[in-house]
Amino acid sequence: MRACPLTIVSGKVTAVMARKIRMGFIGVGSMGFSHLQLFHKDCGKQAEAVALCARDAGRIRRAIKVAPNMTLFKKEEDLIQSDLDAIVISSPNFTHVPLALAALKAGKHIFLEKPVGITPSECRKLLRATGRSDRALMIGHELRYSPYFAKIKTLVDAGAVGTPHMTWCKEFRGPFQSKSRDWIQDRRKSGGCLVDKNCHHFDLMNWWLGARPKLVSAFGSNAVNRVITGPNQAHDHATVSWEYDNGAKGTLHLSLFAHDPPKETLEMGIVGDAGVLQTDLDNLKILHWKKGRDKPRVISVKAKRGIGWGGHLGFAEMHPAFIRAIQKGESPLTSVANTLDGSLLAIAAEESIRKKQIITIK
């Protein structure tokens, strides 16, 4: 294996890349293909796609058109052991941690799609592994990288709402897009709808409040979107309430049968003792109510959207951030340590639904 040369700067290991970063891709479904495009094309001066492991012939052909010189591997372990600097893992959720652990052991930098894992044990195992490694591992929580959501973080930290006491998320949208062999519909493989879908939003709210979730109570079931038979069909609607270690509270309301795709409606916000922040995502504005004022201050934010699968905010900014993490040896904003709680909260919420109990997040 050809490793990146290293240098020590102020006591920190920093990768020095005198050439393009050689990248391999595991999985090129809708999300993985978008990662391939943005790394190989938009980051083409710093990185190149040189290896691919996938099984669907049509998706392989589509990927090869973007990066014709990629080597095709039939087995993930063979790609991991090949001559690469970094690996992008966009495979089904239940494969994330085993593949990431193998890639870390092989000395590779890793871009890992969310969630961190689908069980608490998986999440903590990956956390320990990253603590022992000098490789960059970024979790694909793109929303943190958008100037829009970062502006909310800046406002909260600057005291715009005073002391935050509540945060909320309401997402009424259409059903999941289909995945290979419907793995996303099987909670044993995806972790459940809250783990796959809403770990994004849990992560944002944790980040905004700068607190760790402690207790969670959730209710959910499958009422409309039954895709697979048996008891493991993922929920299509849920409500979640949780408490942070500092006493703040959070709520999330989700429906996957409210609108037809691609219509999505997402509203998030924070309530403090001095004001309220609320998203207006359709117009890329933030509404800021201050105590004692009848009308909100309207804050406009310049942010890219419509790039990559789903057109999520932050997607355009996330890929260059991964390149910088490799080149500068810096810990990513969405490292395992930084995003662990979002996955653990989602996993605990799914457990609460199954057990009909309040769950303590350890």
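Points to keep in mind about this one:
- Residues of segment 222-257 satisfying the condition of being assigned to a strand (DSSP E or B), free of Cβ contacts under 8 Å to residues at least 40 places away in the same chain, among the hydroxyl-bearing types (S, T, Y) and over 24 Å from V336 (Cβ atoms): T239, S241
- Taken across segment 49-65, residues that are touching a strand residue (DSSP E or B) at 6+ places or on another chain (Cβ under 7 Å) and part of a loop (DSSP other than H, G, I, E, B) do not occur at all.
- The residues on offer are S343, S352, and the sole one that is surrounded by 22 or more Cβ atoms within 10 Å (Cβ to Cβ), of a type outside the set (D, E, K, R), under 25 Å from F94 (Cα atoms) and over 17 Å from the mean Cα position of the chain (by Cα) is S352.
- Scope segment 123-151; condition in a helix (DSSP H, G or I) and either in contact with a strand residue (DSSP E or B) (Cβ under 6 Å, 6 or more places away or on another chain) or of a type in the set (D, E, K, R) (or both); matching residues: R124, K125, R128, T130, E142, R144, K151
- Any hit, segment 351-362, residues being modelled with pLDDT of 95 or more and closer than 24 Å to A100 by Cβ: yes
- Set K249, K170: member being over 24 Å from I139 (Cα atoms), in the same structural domain as L281 (by TED's automatic domain parsing), touching an Asp or Glu at 6+ places or on another chain (Cβ under 9 Å) and among the basic types (K, R): K249
- Scope segment 327-353; condition of a type in the set (A, V, I, L, M, F, W, C) and closer than 15 Å to T130 by Cβ; matching residues: L333, V336, A337, L340
- Segment 300-332, subset touching a helix residue (DSSP H, G or I) at 6+ places or on another chain (Cβ under 7 Å) and among the β-branched types (V, I, T), residue nearest to M268 (Cα to Cα): V301
- Extreme residue, surrounded by the fewest Cβ atoms within 10 Å (Cβ to Cβ), among residues of segment 124-138 that are over 15 Å from V97 (Cα atoms) and of a type in the set (K, R): R132
- Test: residue in segment 72-82 that is hydroxyl-bearing (S, T, Y), touching a strand residue (DSSP E or B) at 6+ places or on another chain (Cβ under 8 Å), surrounded by fewer than 24 Cβ atoms within 10 Å (Cβ to Cβ) and assigned to a loop (DSSP other than H, G, I, E, B): yes
- Restricting segment 323-340 to residues that are under 20 Å from the mean Cα position of the chain (by Cα), in a helix (DSSP H, G or I) and not basic (K, R), the residue that is surrounded by the fewest Cβ atoms within 10 Å (Cβ to Cβ): A337
- The number of residues in segment 22-48 being among the small types (G, A, S), in a strand (DSSP E or B) and within 21 Å of the chain's Cα centre (by Cα) comes to 1.
The values are calculated or read from the model by the stated rules, or taken from the named source; none is laboratory data. Source: prediction; values computed, not measured. Cβ: placed from backbone, ideal geometry, glycine included. Neighbour counts: every protein chain shown.
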